[in-house]
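The structure appears below as structure tokens.
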Amino acid sequence: MVHEFKKEWIISGITDPCITFTENFGRHLKNGNFTTSQIRNVFGEIKRIQMSGFRNHKTDFLLLRPKMAYAAKRATDKDKNATGASDFEKVLKSAHEAVASGTPDDEKRFENFCDFVEAVLAYHKAAGGRD
């Protein structure tokens, strides 16, 4: 599942195959014991960066990667069957790398990143993801 993610969705924009991936990935995360609140912790920080302006908060954006790694490790230490946390961290790390390229279109890529995470959250919740 994780290997099906395409950085192109962040670089160029959300496509139909991306939406299909987010639907399947949301269900996969739910089945991997990943909670809605764990996604919302990351998504809340992403939305805060978005509302404050990506250009002004690039450092906060860069710090998302260690925060995601910490959250994934904490979740798997707590529950060895919680594979969703590490899968979420792997996909978001790839998506994050696609944004942080240092090119002038970073802001558009960040918007695509926000849309991607929001779609994963929505499909996770639709699949019955618990809080």
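Just so it is clear, none of the values below were taken in a lab; they were calculated from the coordinates. What you are looking at is a predicted structure, and each value in this text was computed from that prediction instead of being measured. Please note: Cβ atoms are built from the backbone with ideal geometry, for glycine as well, and neighbour counts cover all protein chains shown.
Taking a threshold of 26 Å on the Cα-Cα distance, which of the pairs LYS73/LYS108; LYS7/LYS80; LYS30/LYS108; LYS6/LYS67; LYS7/LYS78; LYS30/LYS67 fall above it? From LYS73/LYS108; LYS7/LYS80; LYS30/LYS108; LYS6/LYS67; LYS7/LYS78; LYS30/LYS67, over 26 Å: LYS73/LYS108; LYS7/LYS80; LYS30/LYS108; LYS7/LYS78. With a cut-off of 9 Å between beta carbons, the residues surrounding GLU97 carry a summed charge of +3, where Lys and Arg count +1 and Asp and Glu -1. Within region 91-129, name every residue whose backbone N is under 15 Å away from a label modeled 7 Å from Cα of VAL2 along the Cβ vector. Only 91-97 pass the distance filter.
Considering only MET68, THR22, SER12, the residue lying farthest towards the positive end of the dipole of the chain is MET68, judged by Cα position with unit charges set on Cβ. As a rough footprinting exposure proxy, the listed residues VAL117, VAL91 were ranked by other beta carbons within 10 Å of their own, and the order from fewest upward is VAL117, VAL91. Among the listed values (i) 12; (ii) 29; (iii) 34, the one matching percent of Cα pairs over 27 Å apart as calculated from this structure is (i).
Entry note, the chain: relative contact order of 47 percent, from Cα contacts under 8 Å with a spacing of 6+ residues. Ordered by the number of other Cβ atoms lying within 10 Å of each residue's own Cβ, fewest first, LYS80, LYS67, LYS90 fall into the sequence LYS80, LYS67, LYS90. Counting only DSSP H runs of at least 4 residues, each contributing -39500 (n - 2.57), and dividing by the residue count of the chain, the helix-based mean residue ellipticity at 222 nm comes to -23000 deg cm²/dmol.
Springs between Cα atoms under 10 Å define the GNM used for the chain, and in it the highest mean-square fluctuation of LEU63, LEU92, LEU121 occurs at LEU63. Put in order of Cβ neighbour count within 10 Å, fewest first, the listed residues HIS57, HIS28 become HIS57, HIS28. Taking Cα centre as origin and charging only the Cβ of basic (Lys, Arg, +1) and acidic (Asp, Glu, -1) residues, the dipole magnitude of the chain rounds to 480 debye.
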